[in-house]
1. State to the nearest 20 debye the size of the charge dipole of segment A:198-255 about its Cα centre, where the only charges are +1 on K and R beta carbons and -1 on D and E beta carbons.
2. With θ taken as phi - 60° and the coefficients 6.51, -1.76 and 1.60, list the Karplus ³J(HN,Hα) couplings across segment B:131-136 in order, rounded to whole Hz; mark glycine and proline as x.
3. When a/c is below 1.5 the answer is rounded, else prolate if a/b is larger than b/c, else oblate, so apply that to segment B:136-273 with a ≥ b ≥ c taken from the square roots of the Cα gyration tensor eigenvalues.
4. Would you pull out the residues with amide H under 5 Å of B:D348's amide H, same chain only if 5 or more places away, H placed 1.01 Å from N?
5. Among A:M153, A:T184, A:A163, whose Cα sits farthest toward the positive end of the charge dipole of segment A:140-185 (+1 at Cβ of Lys/Arg, -1 at Cβ of Asp/Glu, about the Cα centre)?
6. Show me B:143-149, B:197-203 ranked by packing, highest mean number of other Cβ atoms within 10 Å first.
7. Tell me the label-point distance for the pair A:L30, B:A276, using the 7 Å Cα-to-Cβ offset, in nm and rounded to one decimal.
8. Sorted by packing (mean other beta-carbon atoms within 10 Å per residue), highest first, where do A:188-197, B:468-477 land?
Amino acid sequence: MTPGLEVSGGETMLFWVLAPLMVLAALGLLFVRRAVHAAMCLVFVMISLAIMYVAQEAPFLGVVQVVVYTGAVMMLFLFVLMLVGVDASDSLTETIKGQRWIGVLLGLGFAVVLTGVVAQATFQSPVGLESANAVTNPVALARVLFGDYVLAMEAVGVLLVTAATGALVLTHRRQLTTRRTQRTTADARVRALTEGVSLTPLPAPGVYAQNNAMDTPALDPAGRPVPESVPRVLRIRGQERSVTALLDAEAAIVGTDTSGDAVGPPAGLPAGQDPDSTPTLPAREA
Amino acid sequence: MIPDFTAPLIDWAALAPLLVVLGAGVVGVLVEAFVPDAVRRATQITLALAALAATVVLIVLRWGLIVGSDGAPGVSDVLVGGTVMVTPFALALQGTIVVLAFLGALVVADRTSSGQDAFAPTAAAVPGTSYEDLARRAGLQQTEVYPLLMFATGGMMLFVATDDLLMMFVALEVLSLPLYVLCATARRRRLLSQEAAAKYFLLGAFASALFIFGVALIYGFAGTVRLIGDEDKPGVIRRVLSGDAPLDGMTVLVVAGILLVLVGLLFKLGAVPFHAWTPDVYAGAPTPITGFMAACTKVAAVGALVKVLYTLVVGLPPEVGEQLRTVVIVVAILTMALGTVVGAVQTDIKRLLAYSSIAHAGFLLVAVAGINLESLRAVLFYMVAYGVATVGAFGVVTLVRERTVVPGRADGADGEDGVVLGEATHLSQWAGLGRRAPWLTAAFALFLLSMAGIPLTAGFVAKFGAFGAAVAGDLWWLAVVGVLASVVAVFFYVRVIVLMMFTPPAEEQLLAGAEARAQEAATGTGDEAEAAEASSGAEPAGGGVATETRTEVARTVVTVVGSRGPAAVAIAVCAVATLVLGVFPGPVLELAGEAIKFVP
């Protein structure tokens with residue numbers, strides 16, 4: 001083995017601790033049912049991979065792995081998951097009969113072939129790390145990227161432009177109607193005044209000694225019921241309660257006969273009337 | 001101490017064709033941002049077509065330099081330290097791609113006499129929402145289509161002209177990504193279009209993943225991702241030949257790697273068993289894009305396939321080469337068989353053309369399986385012949401449309417009434433097209449005949465060359481299989497031609513049926529007459545047949561909309577090219593012969 005390339009005990013241990021866990025997490029990616037769990041498995045694999053890279057003297061790759069994959073890509077995954085809903089699960093209905101088993105079979109076959117191929121490999125001692133990292137790992141990498149692969153870098157730039165354009169094409173919606181702001185809403189309401197729309201909030205339903213519900217109209221200062229105080233739906237359905245009946249019932253309980261006041265002035269309580277003899281004023285409409 | 005960084009020597013002039021196309025794409029994106037709506041579409045079209053035309057000129061200028069003349073060899077084909085390698089073969093493929101892209105862009109730019117192009121006003125609108133209607137009424141246009149087309153074309157040009165597998169991967173993505181987006185922008189049947197894009201994207205991502213996995217295995221074997229390389233940085237071939245690949249002798253690793261890379265390439269080519277996306281995507285994508293995609297992607301994919309396969313087969317042990325060849329042969333046979341057999345039962349014209357393109361991938365692979373210089377020439381010519389026929393055929397499909405008929409205006413043969421809808425893609429709607437639009441039908445028939453490989457069309461020469469290449473590679477039996485598959489394929493092409501030329505259109509069949517019933521009613525006994533009237537639900541027999549079809553409330557008829565120019569030009573050029581290449585293939589074959597002179 002070339003001097004300087006022995007794998008230290010610590011690194012060996014790191015590998016044998018991390019690698020099985022990574023394999024487990026990767027399998028978890030396939031078999032867990034919840035998308036969030038799968039994403040967390042993926043995060044674990046990616047971070048472990050970053051540690052491996054650093055251990056193998058590729059610190060730049062390790063940092064990029066954390067920053068780009070774990071930091072950016074995984075966060076996007078999680079955002080998407082949140083948009084879709086954490087509890088959303090895939091439909092497992094097969095549209096093609098036996099599709100799953102065919103898939104599993106082919107996948108297994110592929111795995112067997114690849115395992116066979118890779119297992120056959122006999123690795124010689126690694127060489128070239130020294131010279132590759134002679135000017136520190138990031139610098140050496142930069143030289144490759146901007147030397148041999150400068151055009152590839154530019155092509156990747158084109159790829160990014162394409163990705164941005166494509167995302168805009170598929171998601172960006174131009175504002176086609178005028179935007180609704182507080183001002184436009186206010187102006188519209190003022191314009192609608194002539195159509196009988198009120199600028200202020202509508203009065204609340206009435207509150208009576210025995211009754212406090214949506215279907216009872218409030219009384220205006222003159223003692224007349226205000227129809228707008230009852231929600232429109234109830235009015236249309238005819239579920240509005242009669243104020244007269246309400247007041248009559250109250251009067252019956254209190255024990256005063258209001259029948260004599262039935263012809264009383266609808267405009268409100270006369271100033272000189274004794275409050276004890278007529279506790280409430282029946283505001284009747286003719 | 002390691003010497004300081006030396007900037008790579010870049011021959012900008014040699015890269016010019018590529019840079020012009022990609023640069024036009026980038027400028028197009030800026031145009032999107034800064035040019036006002038009113039002139040944006042015109043600007044984009046002008047820019048795209050001008051860039052493509054300029055690229056053709058640049059490639060022609062480069063051609064003389066790189067091929068060289070007698071005695072004087074061409075200039076070096078290795079650029080940018082070997083990541084770009086514009087061999088005469090690659091340059092010929094680039095030229096083919098750009099010319100086909102130009103024709104395809106003409107079809108894309110055509111709005112037809114209905115005043116609408118094939119793209120949604122805004123692809124971001126959810127299908128069936130009020131926002132979609134609003135966007136249509138506001139007259140929005142999705143002009144990002146043109147920069148995306150440029151990017152795809154640039155990616156394809158890079159794809160066929162590189163010696164580096166990583167570069168090839170980047171180029172694969174550069175060419176695929178715009179196509180995924182373009183597939184989702186159809187104006188009509190938008191859900192199908194979006195489904196097509198999603199399918200293409202997912203399957204394409206898988207294929208790309210397999211491709212890069214294969215590259216990793218090859219790297220593991222050879223310690224390099226270059227195919228040929230040079231003295232300083234030897235590629236796979238040099239390392240294998242000199243015996244200093246890190247895992248020398250473990251050819252099984254490199255075979256697995258090459259096979260996985262081939263999966264990625266065969267996917268783009270649409271070869272069985274990686275063809276499943278083709279019919280759905282071809283049918284769902286906007287038709288001009290389908291034409292562009294079918295023609296240009298195929299050229300790029302087969303170019304890269306030939307590059308990888310032919311380079312590596314030379315260097316690897318003969319038995320490995322034989323194994324790879326077997327794979328190509330099996331895929332070729334499967335592809336031809338499935339393409340022709342399944343294509344024969346299609347009822348949708350776009351799906352039919354999709355299966356036809358699968359079958360053609362098979363014929364191309366027959367030529368590729370020959371593995372000799374003859375194959376390269378055959379592939380080049382085949383791509384030109386197939387490409388012009390495909391762009392032309394899909395161009396015709398964009399013009400055959402449905403139109404609603406306003407009740408009371410009868411069969412719509414005379415009226416300008418009704419709204420022009422989407423394309424009439426069902427085969428039965430193409431019946432009797434020959435009477436409505438004889439020239440268009442003639443052109444379409446010509447393209448189909450060329451695809452079928454009938455003599456005096458380009459397709460015949462192309463197929464002859466392809467099967468000849470297989471024979472030259474001692475695969476005469478594969479050539480026989482190819483010929484048999486062609487015979488089956490002729491059936492479904494001719495079926496469409498017969499339908500267009502000799503079958504009366506559906507409306508006339510309806511009329512004819514009614515006429516027959518009416519005559520029967522007039523001449524038959526009273527009972528029969530009543531029965532006939534009841535069955536046809538028509539007015540009394542004496543009322544005439546012209547009113548017969550008015551009983552339906554609303555329906556659609558097939559109509560041929562006029563081109564506003566570009567598409568007509570493209571179709572005409574394609575038709576002429578198909579004929580000329582069929583009758584006088586000599587010059588192009590000669591050019592193709594020059595292109596393969598210096599292939600390693």
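1. Charge dipole, segment A:198-255, about its Cα centre: 200 debye, nearest 20.
2. Values per residue, Gly and Pro as x: 4, 4, 4, 4, 5, 5 Hz.
3. prolate
4. B:L427
5. The Cα lying farthest towards the positive end belongs to A:T184.
6. B:143-149, B:197-203
7. 1.7
8. Order by mean packing, descending: B:468-477, A:188-197.
The values are calculated or read from the model by the stated rules, or taken from the named source; none is laboratory data. In this text, all values refer to a predicted model and were calculated from it rather than measured experimentally. Ideal geometry is used to build each Cβ from the backbone, glycine not excepted, and the neighbour counts take in all protein chains shown. All accessible areas refer to the heavy atoms of the entire protein, side chains included, with ligands and DNA or RNA removed. Shrake-Rupley method; radii C 1.70, N 1.55, O 1.52, S 1.80 Å.
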